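Comments concern the structure below.
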Amino acid sequence: MLAAITVITKSHSYVNYPAFAVLFMILIGPFVGAAIGHSRGRTLLGTFLGFFGIIGWIIVGVLPRTAKAEEHRQAKLASRGAPMQPQLG
């Protein structure tokens, strides 16, 4: 009896984990990539690379900020009263 219950429960899996992971990356990955890319001034690139998951997020995260994004960041820091950081490069 116990063997029959085990066979029945194993044959009716409700979640297909590889498909769930792919669906998760298609739905969530671009949003995370866009959020990371927005802080770098590269929202569209972040959205595209977000489809590649954590590898894409890392690539977007290490890209340099655009000049406009850096100006916005410096203005935000200045409004908080934080000391200005030197410009790199």
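Laboratory data are not the source of any read-out in this text; all were calculated from the coordinates shown. Just so it is clear, the structure is predicted and the values come from calculations on it, not from any experiment. Cβ atoms come from the backbone with ideal geometry, glycine included; neighbour counts cover every protein chain shown.
The table for this structure:
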read-out: With 5 Å bins from 0: P(r) over segment 15-78, alpha-carbon pairs, percent; value: 4, 21, 23, 17, 13, 10, 5, 3, 2, 1
read-out: Positive minus negative residues near S79 (Lys, Arg vs Asp, Glu; Cβ under 13 Å); value: +2
